[in-house]
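The values are calculated or read from the model by the stated rules, or taken from the named source; none is laboratory data. Since this is a predicted model, take the numbers as computed values, not measurements. With ideal geometry, Cβ positions are generated from the backbone for all residues, glycine too; neighbour counts draw on all protein chains shown. The protein model used for the area step is the full one, side chains on, heavy atoms only, and it has no ligands, DNA or RNA in it. Shrake-Rupley method; radii C 1.70, N 1.55, O 1.52, S 1.80 Å.
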Amino acid sequence: MTIYRATVLDTPDNPFAGGILRAEADAGLTVDDGIIVDRGPFAAVRSRRPGDDVVDLRAGPLLPGLIDTHVHYPQLRVIGALGMPLLEWLDQCALPEEARLADVDYARDVAREFTSALVDAGTTSALVFGSHFPAAVEALFDAATERGLRMTSGLVVGDRLLRPELHTTAARAYQDGRALADRWHGKGRSRYAVIPRFSLSCSDDLLDSCAALHADLAGSWFTSHINENPAEIAKVRELFGGSYLDSYDKHGLVGPRTVFAHNVHPGDGELELLADAGATVSHCPTSNCALGSGLFEMDRHLANGVAVALGSDVGAGTGLSLFKEGLQAYLVQRMRGLDGMTLTAAQLLYLATAAGAAALGIADQVGDLSVGKRFDAVWLRPDAGTPLEIGLRHAADADAAVGKLFALATPHDVAEVWVDAIRIKNPAPRLSGMRKSVIV
């Protein structure tokens, strides 16, 4: 067994419902076979386990692994295409790039880049929009398995209003999705998600096919987009004759294993239905701002009992760092003036960790660093003299330190990442910084 000695920051209790930041300045976490089996002040943990190895992480804070609930793997290379609304951006940037993943060698390169970038950002679990091409989805699962990530993903499907090479049929969508799920669903850390691109690009027949596949795959997830852009919403209403959420709900696709991205412009009835169904909304603030989609109404979601987590939404989002997304979520609420919520540091950490675990149905395993949880963790060690290092050194308290992490941290500050206590970033110990030693 191994004891990790660190300043540990997490949110085991929801700060939107009265929970607070849990902060221990010199904590010991004992990990056995990937599971935290003991936690407390380091001196007390050490006294109980005098023979265990110790990993000394006191040079920076230790957090739960970050959890991204909405991100597009094929869009990694088009980050930063600014100045367009959603539908124009899809037509000019995202969909041409997604079509390139028909070339499986190209897809493998992107998959390796994408999974490496997730790890570098401190993300340990993700709900990922795969590709329209089965072989490219295989490439993603292969790359995620090689890196050790917890990955929920699947084939993206559509049969209208996309580039023709991205179209499928209801029968083929089910067949291809079932074949991928048979290979990957529940294997290792991989799970399958049923993913219509959005109802705008899906006929009723195709959504029926998605519902059938979701029903046939025990423990599968469902994810898509909703209420992102006013022009998109108007077109969905024209096609389906009802609200955006109705276009999914009439096919039985709204439930506790549903995650919808965006929901920037929801109706009151949609919020009520989302809450009653136990579905989650993935808030993607840098994407919403970059595309000019609107300012997310966090207060309305929470007042209606709708669960919210964070998503990076790469490539409309401006990077894979959930620290950046948390900061942007904070800024969006500030820009809403009196209607906005002033998000606390603890709430930002919760949105980036435990809320994502709940959204993906893995809160019994990850999301905080309590006894009984898997040791999925990220260790930050900013370089000396950087604004983040200075800020942490002079932070008045733990809440202030977490606020500085979200204001200033970047992937460069992520020193190590673990999944199941397996180091997936910098797997060889470094001589400077992290040190592993037996303390006697």
What angle, in degrees between 0 and 90 and rounded to the nearest 10, separates the Cα long axis of helix 204-216 from the longest principal axis of the Cα atoms of the chain? 40
Ranked packing of 342-353, 5-16, most packed first, by mean Cβ within 10 Å: 342-353, 5-16
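Among the DSSP beta bridges whose two residues both lie in the chain, what percent are antiparallel, rounded to the nearest 5? It would help to have the intermediate numbers written out before the result.
Details: 27 of 62 bridges.
Beta bridges within the chain, antiparallel portion: roughly 45 percent.
Using R₀ = 30 Å, calculate the FRET efficiency as 1/(1 + (r/R₀)^6) where r is the Cβ-Cβ separation of GLN92 and ASP299; round to 0.05. Present the calculation step by step, with values, prior to reporting the outcome.
Working: r = 34 Å, r/R0 = 1.13.
Efficiency, rounded to the nearest 0.05: 0.30.
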Quick one: among MET151, MET335, MET84, which has the greatest mean-square fluctuation in a GNM of the chain with alpha-carbon springs under 10 angstrom? MET335
Suppose each label sits 7 Å from its Cα in the direction of the beta carbon; what would the ILE390-GLU165 distance come out to in nanometres? 5.0
Please work out which option in (1) 1.25; (2) 0.96; (3) 1.01 gives Cα Rg over 2.2 N^0.38 Å calculated from these coordinates, and answer with its label. (2)
To the nearest 10 degrees, how steeply does helix 170-184 sit against the main Cα axis of the chain, on a 0 to 90 scale? 20
Among LYS324, LYS235, LYS373: highest mean-square fluctuation, GNM of the chain, C-alpha pairs under 10 Å: LYS235
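In whole percent, and with a 1.4 Å probe on the protein chains, what portion of the accessible area of segment 208-363 is carbon and sulfur?
Values: 2560 of 4880 Å².
Summing carbon and sulfur atoms, their accessible area is 53 percent of the total for segment 208-363.
Please give the net charge around ALA363, taking every other residue with its beta carbon less than 15 angstrom from that of ALA363, where Lys and Arg add +1 and Asp and Glu add -1.
Numbers: positive: ARG150, ARG191, ARG257, LYS373, ARG374; negative: ASP10, ASP13, ASP364, ASP368, ASP376.
Net of charged neighbours comes to 0.
Roughly how big is segment 98-144's charge dipole about its Cα centre, with Cβ charges of +1 (Lys, Arg) and -1 (Asp, Glu), in debye to the nearest 20? Spell out each step's value before the answer.
Numbers: 3 positive and 8 negative charges, 19 e Å.
Dipole size: approximately 80 debye.
Residues with beta-carbon under 13 Å from that of VAL264, excluding VAL264: net charge, scoring Lys, Arg +1 and Asp, Glu -1? If you can, show how the numbers build up before the last one.
On the way: positive: ARG300, ARG336; negative: GLU228, GLU232, GLU270, GLU297, ASP313.
Neighbour charge sum, excluding VAL264 itself: -3.
Can you compute the helix-only [θ] at 222 nm over the chain? Use -39500 (n - 2.57) per DSSP H run of at least 4 residues, normalise by all residues, nearest 500 deg cm²/dmol.
On the way: 17 runs with 160 residues, N = 440.
Theoretical 222 nm ellipticity from helices: -10500 deg cm²/dmol.
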Along segment 405-422, Karplus-curve 3J(HN,Hα) (6.51, -1.76, 1.60; θ = phi - 60°) to the nearest Hz, with x for Gly and Pro, reads 4, 6, 6, 10, 6, 10, x, 4, 8, 7, 8, 9, 9, 10, 10, 6, 6, 9
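Pairs to check: LYS187/LYS250; LYS404/LYS425; LYS187/LYS425; LYS187/LYS373. Give those whose C-alpha atoms are more than 25 Å from each other in this structure. Present the calculation step by step, with values, prior to reporting the outcome.
On the way: LYS187/LYS250 31 Å; LYS404/LYS425 23 Å; LYS187/LYS425 22 Å; LYS187/LYS373 20 Å.
Listed pairs above 25 Å: LYS187/LYS250.
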Here segment 277-287 yields Karplus 3J(HN,Hα) values (6.51, -1.76, 1.60; θ = phi - 60°; whole Hz; Gly and Pro given as x) of 7, x, 7, 10, 9, 8, 7, 10, x, 5, 5
Might you report the magnitude of the Cβ-based charge dipole of the chain about its Cα centre, with Lys and Arg at +1 and Asp and Glu at -1, to the nearest 20 debye? 1220
Percent relative contact order for the chain, counting Cα pairs under 8 Å at least six residues apart, stands at 21
Cα axis of helix 322-335 to longest principal axis of the chain: angle in degrees, 0 to 90, nearest 10? 70
For a Förster distance of 25 Å, can you work out the FRET efficiency between the beta-carbons of ASP103 and ASP142, rounded to the nearest 0.05? 0.95
Farthest toward the dipole's positive end in segment 27-66, which of PRO41, LEU62, GLY28, given Cβ charges of +1 (Lys, Arg) and -1 (Asp, Glu) about the Cα centre? PRO41
Go ahead and set up a Gaussian network model of the chain, Cα springs under 10 Å, then flag whichever of ASP120, ASP205, ASP313 fluctuates most. ASP205
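Among DSSP bridges having both ends in segment 1-106, what percentage is antiparallel? Round to the nearest 5. If you can, show how the numbers build up before the last one.
Working: 14 of 20 bridges.
So the antiparallel bridges in segment 1-106 amount to around 70 percent.
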